[in-house]
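Q: First the structure, which I've put down as structure tokens, then a few questions once you've had a look.
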Amino acid sequence: MNLVTQSQRVLSGMRPTGKLHLGHYHGVLKNWLRLQHEYECFFFVADWHALTTEYDNSSIIANSVHDMVIDWLAAGINPGSARLFIQSQVPEHAELHLLLSMITPLGWLERVPTYKDQQEKLKEKDLATYGFLGYPLLQSADILIYRATQVPVGEDQVVHVELTREVARRFNHIYGREPDFAEKAEAAAKKMGKKNAKLYQDLRRRYQEQGDGEALETAKALLSDQQNITLGDRERLFGYLEGSGKIILPEPQALLTPAAKMPGLDGQKMSKSYNNTISLRESPEAVEKKLRTMPTDPARVRRNDPGDPNNCPVWQLHKVYSNDELKEWVQQGCRSAGIGCLDCKQPVIEAVIAELRPMQERAQSFIEQPELVRNILADGAEDARDVAKETLREVRSAMGLSYK
Ligand code: TRP
Ligand code: SF4
């Protein structure tokens, strides 16, 4: 790992919604696949989050968890690079959620746009619950318990990362102050050795006096590189750089997942609620059937009627799967009625089947070895708990809860 990525940690969660489809693959999982090679990654099944809306139908959560994890693994998420676990198997999330709830103003939660939006959207459910209001704060706890620096999320979740930043800032502000903070920070700097201490002080001055952002980044990298300082000193030195108190809970960044709009069978975004999906486990026969029967440009009633790919959901799929040459063939052939719609669909059918085949082979091997999946999740939870416990220890101590 290089200097920049060394201290960076990625965390993301997904609600257990059962078997995943191509929309999840192109929208989220491909992004995770890339991240797992670049960063230390924690990916978890957000089963408690699912309970905030499915509390009266909780059996579907249990049934979904393993299928979803099998699909992660099938897509190539590698438990050797990323930690995979189930949220409720790391109860530290709940304790941090409780502690953060003490300092979170109600208005911050009421103002989160998803709060009212989802209540509107899911009218048939009673979401005027304490758990539902607190759900973005639970997400903050999910993130902060790992001191994650990057959180890959879709557009709708960026506000939750923003809330997390505010909560972290408030926590650090309230609990990061020590009466002799500056002296302790100076002493901590000396512990890095003469040369590093001087470098740290120079960089800090350049940032504080001249607003030199590069100096700040270099100083942070310098701190991340230090092997021999305690966690408490590290927090002090990070905080001292920016002039605040200790930074116990660092502020994460949202890593906006590029809105890969995987079109569904009807041209709308692929989503279970639109009933337009191709699941990752769909058999080749089913893929073929779904694609052969999907609608095309309504202007092409007969084979001889020319069409316009812009009015056709199949064209949207060509944009995902086809190279320039093939796309040109579609454009020409459609507009001149030179090709039929089934001809046009054939390369997409082949591309989807080819994309799914290796995933389905991997899925099959995990389906046949359920204990393997259970072990992966157990190991992931154990590693996650090691990190989570360490953070909680710091948090409890900062809040005055470490009784001896
Ligand atoms: N709230 C997210 C969703 O509904 C899932 C989630 C829970 C999450 N905790 C998280 C995502 C922490 C990123 C980080 O999709
Ligand atoms: Fe759609 Fe292709 Fe038929 Fe044109 S030829 S209408 S792009 S399926």
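Q: Taking the criterion of being among the β-branched types (Val, Ile, Thr), over 14 Å from Val395 (Cβ atoms) and in contact with a Ser or Thr (Cβ under 9 Å, 6 or more places away or on another chain), would at least one residue in region 164-178 satisfy it?
A: yes
Q: Answer yes or no: is there a residue in region 35-43 that is in the same structural domain as Asp126 (by TED's automatic domain parsing), within 15 Å of ligand 1 (Cβ to nearest atom), open to solvent by 10 Å² or more (accessible area, probe 1.4 Å) and out of contact with any strand residue (DSSP E or B) (no Cβ under 7 Å at 6 or more places or on another chain).
A: no
Q: Determine, yes or no, whether Arg111 is open to solvent by 40 Å² or more (accessible area, probe 1.4 Å) and over 21 Å from the mean Cα position of the chain (by Cα).
A: Judged against the criteria, Arg111 is a match.
Q: Of all residues being more than 16 Å from Ser336 (Cβ to Cβ) and of a type in the set (Val, Ile, Thr) in region 279-300, which is farthest from ligand 1 (Cβ to nearest atom)? Just the residue, please.
A: By that ranking, first place goes to Thr293.
Q: Between Ala168, Ala148, Ala128, which is crowded, with 17+ Cβ neighbours inside 10 Å, part of a loop (DSSP other than H, G, I, E, B), away from ligand 2 (no atom under 16 Å from the Cβ) and at negative phi?
A: Checking each option against the conditions leaves just Ala148.
Q: Also: Taking the stated definitions as given, is Val301 surrounded by 14 or more Cβ atoms within 10 Å (Cβ to Cβ) and at negative phi?
A: no
Q: When you go through Gly27, Gly13 one by one, which is the residue that is modelled with pLDDT under 95 and within 16 Å of ligand 1 (Cβ to nearest atom)?
A: Within the list Gly27, Gly13, the selection yields Gly27.
Q: For region 260-293, how many residues meet the condition of being farther than 19 Å from Pro347 by Cα and open to solvent by less than 70 Å² (accessible area, probe 1.4 Å)?
A: 5
Q: If I filter region 183-206 for residues that are crowded, with 20+ Cβ neighbours inside 10 Å and under 32 Å from the mean Cα position of the chain (by Cα), do I get at least one hit?
A: No - not one qualifying residue is present in region 183-206.
Q: Ile367 fails exactly one of the following numbered conditions: (1) in contact with a Pro (Cβ under 8 Å, 6 or more places away or on another chain); (2) more than 16 Å from ligand 2 (Cβ to nearest atom); (3) open to solvent by 40 Å² or more (accessible area, probe 1.4 Å); (4) among the hydrophobic types (A, V, I, L, M, F, W, C). What is the number of that condition?
A: For Ile367, the exception is condition (1).
Q: Hey, can you tell me all the residues within region 204-237 that are among the small types (Gly, Ala, Ser) and part of a loop (DSSP other than H, G, I, E, B)?
A: Passing the criteria: only Gly211.
Q: Something else: Report whether or not Ile61 is in contact with a strand residue (DSSP E or B) (Cβ under 7 Å, 6 or more places away or on another chain), open to solvent by 10 Å² or more (accessible area, probe 1.4 Å) and closer than 22 Å to Gly154 by Cα.
A: no
Q: Under the condition of being within 28 Å of the chain's Cα centre (by Cα) and of a type in the set (D, E, K, R), which residue from region 207-225 is modelled with the lowest pLDDT?
A: The extreme case among them is Asp225.
Q: Can we say Val314 is under 16 Å from Lys289 (Cβ atoms), aliphatic (A, V, I, L, M) and open to solvent by less than 40 Å² (accessible area, probe 1.4 Å)?
A: Against the criterion (under 16 Å from Lys289 (Cβ atoms), aliphatic (A, V, I, L, M) and open to solvent by less than 40 Å² (accessible area, probe 1.4 Å)), Val314 qualifies.
The values are calculated or read from the model by the stated rules, or taken from the named source; none is laboratory data. Note that this is a predicted model, so its numbers are computed, not measured. Cβ sites come from the backbone with ideal geometry, for glycine too, and all protein chains shown count toward neighbours. Keep in mind that these areas ignore ligands, DNA and RNA; they rest on the heavy atoms of the full protein, side chains included. Shrake-Rupley method; radii C 1.70, N 1.55, O 1.52, S 1.80 Å.
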